[in-house]
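One structure below.
The values are calculated or read from the model by the stated rules, or taken from the named source; none is laboratory data. Just so you know, these numbers come straight off a predicted model, no measurement behind them. Glycine also receives a Cβ, built like all others from the backbone with ideal geometry; neighbour counts cover every protein chain displayed. Calculation scope for accessible area: heavy atoms of the full protein, side chains included, ligands and nucleic acids excluded. Shrake-Rupley method; radii C 1.70, N 1.55, O 1.52, S 1.80 Å.
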Amino acid sequence: VYMKDKYLIIATVVVIGIAIATIISCLKKSIYKKMLIAMQMNDHTAFLNLTNSKLTQFLYSMMWIDSMRLEEAIMRNNKKDVAHYLDNLSKQKLSEKNAEKVYGQAFNYYLSIGDTVMCTRWYEKIKELKNDRFKREFDRSYNIYVEKGYKFLEDMLNEIEYMEPSKAGVHEYLISLMYANKGDAANAKKYKKLSEEHLQQLDEEIKEKHKK
């Protein structure tokens, strides 16, 4: 009888544990969905109420909440809030993966608004990370957009030789910018045109896939 009671207690605890995990998972999904809707509707008040709620702060880590707040601030293009949440995140102990995400978001945001000083600051932080492939992508962007250079021109010309035309659009756009930085207007125009054609081709391919 004792053994039966013991197994019954264990089974009950397991069932309760699964039920609690399921409830927590459902609550987290619901909150996340509401956050996305608030962001899409540009409802800043609703978004803040969600992130400030005790339930959200119980279910999610502060790092995750601040990461969502950062994304929402970027969508609103609120420079003051972006700086505030980046500062909050920088003070937390970030994993390498989370650091890549945050530093990359910061760099791309400041690049998009033309703030080269802040771009440089976050580029320096990116260079401290371990992922060489990740860093290399930002080396290119920094050289092209901030330094107005063409350091990676030959590399990218070689890379597109092995790419399908429809996949080469972004590369060709960056190549056009590098030629412009170099002062070669003819090639800048040539690769800009190729980029537009191939990006359009890619867009059509994606639409065609969705139809099937």
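Does any residue in region 114-135 that is in contact (Cβ under 8 Å) with a residue 24 or more places away in the chain come within less than 7 Å, Cβ to Cβ, of a residue that is open to solvent by less than 70 Å² (accessible area, probe 1.4 Å) and among the β-branched types (Val, Ile, Thr) six or more places away or on a different chain, and which pairs are these?
THR116/VAL146; CYS119/VAL146; THR120/VAL146
Output the number of residues of region 160-182 satisfying the condition of being in contact (Cβ under 8 Å) with a residue 12 or more places away in the chain and within 15 Å of HIS198 (Cα to Cα).
Residues flagged as in contact (Cβ under 8 Å) with a residue 12 or more places away in the chain and within 15 Å of HIS198 (Cα to Cα) within region 160-182 amount to 13.
Do the conditions hold for SER67, that is, is it open to solvent by less than 30 Å² (accessible area, probe 1.4 Å) and among the polar types (S, T, N, Q)?
yes
Kindly check whether there is at least one residue in region 72-86 that is closer than 27 Å to LEU111 by Cα, in contact with a Lys or Arg (Cβ under 9 Å, 6 or more places away or on another chain), open to solvent by 60 Å² or more (accessible area, probe 1.4 Å) and in a helix (DSSP H, G or I).
Yes, region 72-86 contains a residue that is closer than 27 Å to LEU111 by Cα, in contact with a Lys or Arg (Cβ under 9 Å, 6 or more places away or on another chain), open to solvent by 60 Å² or more (accessible area, probe 1.4 Å) and in a helix (DSSP H, G or I).
Among the residues of region 42-66, which ones are of a type in the set (A, V, I, L, M, F, W, C) and over 15 Å from ASP81 (Cα atoms)?
Passing the criteria: ALA46, LEU50, LEU55, PHE58, LEU59, MET62, MET63, TRP64.
Select from region 181-203 the residues that are touching a helix residue (DSSP H, G or I) at 6+ places or on another chain (Cβ under 6 Å) and small (Gly, Ala, Ser) and list them in ascending order.
Selection gives ALA188, SER195.
When you scan region 38-62, how many residues do you find that are surrounded by 13 or more Cβ atoms within 10 Å (Cβ to Cβ), among the aliphatic types (A, V, I, L, M) and free of Cβ contacts under 8 Å to residues at least 12 places away in the same chain?
1
Does any residue in region 76-98 that is within 13 Å of MET62 (Cα to Cα) come within less than 7 Å, Cβ to Cβ, of a residue that is part of a helix (DSSP H, G or I) and charged (D, E, K, R) six or more places away or on a different chain, and which pairs are these?
TYR85/ASP66; TYR85/ARG69; ASN88/ASP66; LEU89/ASP66
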